[in-house]
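Colleague: Got a structure here, written out as structure tokens. Questions coming.
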Amino acid sequence: MTVRSSTRPAPALRLVSELTEPAQAVTYLFSDIEGSTRLWEAEAERMRPAVARHDLVSRAAVVRNAGTIVKMTGDGIHAAFDRPIDALGAVLEIQQELMEPDALGGIALKVRCGLHWGIDERRRGDFFGPAVNRAARIMSAAHGGQILLSQAVAEQVRERLPAGVSLRDLGAVRLRDLSTPERVYQVVHPRLRKDFPALRSLEATPNNLAQQLNSFIGRERELSEVRALLSANRLVTLLGMGGLGKSRLSVQLGAEVLDDYPDGVWLVELAPLSDAALVAQALASVLGVKEEAGSSVIDALVKFVRDRQLLVILDNCEHVVQACAELARRLLQTGPSIKVLASSRDALQTAGEAVFQLAPLAAPGRGEPVSLELLIRTEAVRLFVDRSTAAQPAFRLTEKNANAVAEICHQLDGIPLALELAAARTRGMSVEAIAARLNDRFKLLVTGDRTALPRQRTLRALIDWSYDLLAPAEKALFQTLSVFAGGWTLEAAESVGAGAEIDSTDVLDLLTRLVEKSLVLADINGDRYRMLDTVRHYAQDQRSASADGDKARSRHLVFYVQLAEAARDGLVGPSQGQWLERLDCERENLLAAHAWCDNPGQDAELGLRLIYAVRQYLLSRGLLALGERLSLDAVTRPHARAPGLWRCRGLAVAGQFFYYRARHREAREHLAESLAIARTIADEASIVGALQPLGMACLGEGDRDSARRYLEEAVELAERRGNKYALAAVINALAQLHRLEGRLELAEPMCDRMLALARDLGSQDGITVALLNKAMVSISRGVPLPVSRMLLEVLDIGEAIGSKPAGQSALEVASALAWLRGDNPTAARLFGAAEAQAEETGLRRDPTDDAFLMQIIERVRVALGEATFAGAEAVGRAFSYEEAISAVRAWLRAAA
């Protein structure tokens, strides 16, 4: 079985600015060379100069007639004109120039042209909207040498036609965009061919494809990919969950390929069927095939298709999938020129099947900002805006409502049906109100269209259709998987999914079935699984009504506590980078597990164990505000207040996050309580763990005597216990104290010892901290030579493990190095870049580092003057993190 998938990267959510040009009335020209593929295959050498001549003639005609070339489209042209009469003049010139084969090296190029007038949005020279699409469809209905006009163009040029030119009314034509028919006119010119076959419209080939009530938006790329897949395979199945637009894509593809099937394209709608035995009869009814006496309907169908060239579209196969597979197999075995296109939530799993996994439309994500120009090009936004305009003609996407529209498309996962249901609400609600109510999306998204299928009238009914087809064990696992946030691994599914109804050994098979039924999505490499947010909300509703709901959350909590504890040791060793990446993937699950600890019925110890285990991860990723909040939650829960080992550790974590956020008083309070509990329970490891950060918190409050006392006790205890990790941290803290007091001869050997310990332990974070402190000692001693190499190593490690705090600290120390080297403008820029990162991460310099840097920056400020310093600092503040790191790396390399 061949499997293809459509994957769509999600652009970011925030809006930057509006870059669109005002909407305007435009006449669009599309042209194309009829049969160009065949000509290229047969006459490649002569086609090259002929097409070059065609391109030259077309471009010149457009320019001479006051038009604008939008783009060249394969062997055709897309152009825009302010006046319809100018567009008509251009196409008449093109056809007359190209009608002589001698002018084209003996090859007759038959060019078909279509013109349409309408109002669309324009962005940086390109056009978007239904009028552009309709112009292309009008061209595709023409034959080589024929010029077709829409009624809108005909009405504006009728009284201004050139001498000898007339219009022939060809009547209303069903174009292959399947939306409203278009009245089409042929341009008749005395030098051009007048008579042509019937237009290439839906009426020209036998079919039962219904006229669609709205435009085809957002699946243009998939349409091209599935068409190519169908040309290479005789059975193609569009696979995906309900509401993704499989049926709409199938019908549109059928219209696109009509010319390839002289015996027709036939749609068989299977959703209304409740009996699988009626599948063959449904196809027979569509084709007008009757049973013969003594034979089955399958036999009659086989006889009918044997010598015919046709495409059968089996729509919504999932509830009768076995019958569809058997029917497709019989038809394909008998009729060599028949093809089958199926849409289903489950593959047919028959020989020769090529599967195309349909993804949701690309929707705005959360992260980096995008412009309104890019937002309107996002498929989900385009669909929502189109359907909203149909529901509420006054609706427009503006800078004011763009964030709400982006949020709607993001929350609804780019599911077309969900977007259409939301768009219908714009009749009576603002998009801001719709976005605010999407947490209750299953009540909000209800259609008033009485003609819609029952399963398409509400978002809940849509997923009900899939859920009801699941076996009991599949339903149980589907409900349980909704406890995961942001995806999960097979290992996690086996641990959390096993419950009263499911054995862990059955989880893989059940999970595979949910993937096959499109209720769970598998990453391409197969390492992780996820649900669309909308599907997850539905599964959560089902789980809340089950007896196993709370038990699943508790199993989820236990699994992620154990994972975080396994990661804790790895985060201070040579495998730190891999563990950081793994916890990045699991961050949402860790947060969900933490939230479940608020439940009074949970064991308080688990919440404290979790925050203790993820401390290093949150520090390494610069998530200080998050770490402060989570640790404070963990130690203030009513059921977590009893003094003991885990409260002691939780208080130590909270104190450290307060310290890193320069909240020294709160840090000292939490760490002092942690130390008191550690002494009471006589846990030396916890005593050491509290002493070092407590010493630094005291230093932050200016209490050097207490700081020295705590740190010296910590060194003695760590050495006695042989705890190299704790010893490295405490030695570093003492080195900072010595540096603050100007005792560089004591600080430097301590930095060297800390660096040796960190390298011996393979602690990447430890190495960066030691190098940074050693660099500051060297700068304080006025020795710049080795500092560049130290900071470059810090940057390399920070990049390797994804540590923004390492990069931020390197910017600060590099700023001091630039001052030492006499490069004050660079010092100011790097300082500005570091300050911008500090505002973003929340990581504040400790008192020793702040004292070191700020006295240097004050000297830079005096040397440059206030205005020059402010300008250079502002340049640095404007850098992104990546730009700042790239700039400091280049400067350090030059300095080295």
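The values are calculated or read from the model by the stated rules, or taken from the named source; none is laboratory data. Values in this document were obtained by computation on a predicted structure and should not be read as measured data. Neighbour counts are summed over all protein chains in view; Cβ atoms, including those assigned to glycine, are modelled from backbone coordinates with ideal geometry. SASA here: full protein model, heavy atoms, side chains in, ligands and nucleic acids out. Shrake-Rupley method; radii C 1.70, N 1.55, O 1.52, S 1.80 Å.
Colleague: Obtain the radius of gyration and the Kirkwood radius of the range 189-237 from its C-alpha atoms and give Rg over Rh.
Modeller: 1.13
Colleague: What's the local net charge at F478, with K and R +1, D and E -1, over the other residues with C-beta under 11 Å away?
Modeller: With Lys, Arg at +1 and Asp, Glu at -1, the net is +4.
Colleague: Now for a separate question. Taking the radius of gyration and the Kirkwood hydrodynamic radius from Cα positions alone, what is the Rg/Rh ratio for the range 222-328, to two decimal places?
Modeller: 0.96
Colleague: Based on the alpha-carbon gyration tensor of the range 830-896 and its eigenvalue square roots a ≥ b ≥ c, which shape applies: rounded if a/c is under 1.5, prolate if not and a/b is larger than b/c, or oblate?
Modeller: Judged from the Cα gyration tensor, the range 830-896 comes out rounded (a/c under 1.5).
Colleague: Of all the C-alpha pairs in the range 768-861, what % are more than 17 Å from each other?
Modeller: So the pairs more than 17 Å apart make up 44 percent of the total in the range 768-861.
Colleague: I've got another one for you. Full-extension gain between E716 and T868, please, as 0.36 nm times their residue separation minus the C-alpha to C-alpha distance.
Modeller: Gain on extension, E716 to T868, equals 49.8 nm.
Colleague: Per residue, how many Å² of accessible area does the chain show with a 1.4 Å probe?
Modeller: Computed with neighbouring chains in place, this is 41 Å² per residue.
Colleague: Another question, then. Just order 666-674, 345-353 by mean Cβ neighbour count inside 10 Å, highest at the front, would you?
Modeller: Answer by packing, highest mean first, reads 666-674, 345-353.
Colleague: Working from the pairwise distances between different alpha carbons, so that the mean of 1/r is found and then inverted, what is the range 464-598's Kirkwood radius in Å?
Modeller: That comes to 15.2 Å for the range 464-598.
Colleague: Work out, step by step, the length gained on full extension between K400 and A198: first 0.36 nm times the residue separation, then minus their alpha carbon distance; give nm to one decimal.
Modeller: Stretched fully, the K400-A198 segment lengthens by 67.9 nm.
Colleague: Another question about this same structure. Starting with the highest mean, order 597-608, 318-329 by the number of other Cβ atoms within 10 Å, averaged over the residues of each peptide.
Modeller: Result, highest mean Cβ count within 10 Å first: 318-329, 597-608.
Colleague: Which percent of Cα pairs goes in each bin when the distances of the range 661-712 are cut into 10 angstrom slices starting at zero?
Modeller: Whole-percent P(r) values from 0 Å outward: 30, 56, 15.
Colleague: In the chain, carbon and sulfur make up what percent of the accessible area (probe 1.4 Å)?
Modeller: Summing carbon and sulfur atoms, their accessible area is 50 percent of the total for the chain.
Colleague: Taking the Cβ of D75 as the center, what net charge do the other residues with Cβ under 10 Å away carry, scoring Lys and Arg +1 and Asp and Glu -1?
Modeller: -3
Colleague: Further, regarding this structure: Could you give the alpha-carbon Rg of the range 571-646 over 2.2 N^0.38 Å, rounded to two decimals?
Modeller: 1.13
Colleague: Can you bin every Cα-Cα distance in the range 576-731 into 5 Å intervals starting at zero and give me the percent of pairs per bin, rounded to whole numbers?
Modeller: That works out to 1, 10, 18, 21, 21, 16, 9, 4, 1, in percent per bin.
Colleague: Now, a different point. Using a 4.7 Å Cβ cut-off, which Cys residues in the chain lack a partner cysteine?
Modeller: Cys with no partner Cβ under 4.7 Å: C113, C409, C585, C597, C648, C698, C751.
Colleague: Could you quote the convex hull projected area for the range 330-390, Cα atoms only and averaged over all directions, in nm²?
Modeller: Result: a mean projected hull area of 7.6 nm².
Colleague: Here's something else I'd like to know. Return the calculated 222 nm mean residue ellipticity for the chain, to the nearest 500 deg cm²/dmol, obtained by summing -39500 (n - 2.57) across DSSP H runs with n ≥ 4 and dividing by the residue count.
Modeller: -17500 deg cm²/dmol
Colleague: Something else about it: What are the radius of gyration and Dmax of the chain, computed over its Cα atoms and given in Å?
Modeller: Both quantities, over Cα of the chain: 34.7, 107 Å.
Colleague: Another question about this same structure. Mind checking the full-extension length gain between R59 and S296? Use 0.36 nm per residue of separation minus the Cα-Cα distance, one decimal, nm.
Modeller: 79.3 nm
Colleague: Considering only Cα-Cα distances, which of the following residue pairs are longer than 29 Å: K246/K400; K71/K339; K517/K551; K71/K110?
Modeller: Long pairs (Cα-Cα over 29 Å): K246/K400; K71/K339.
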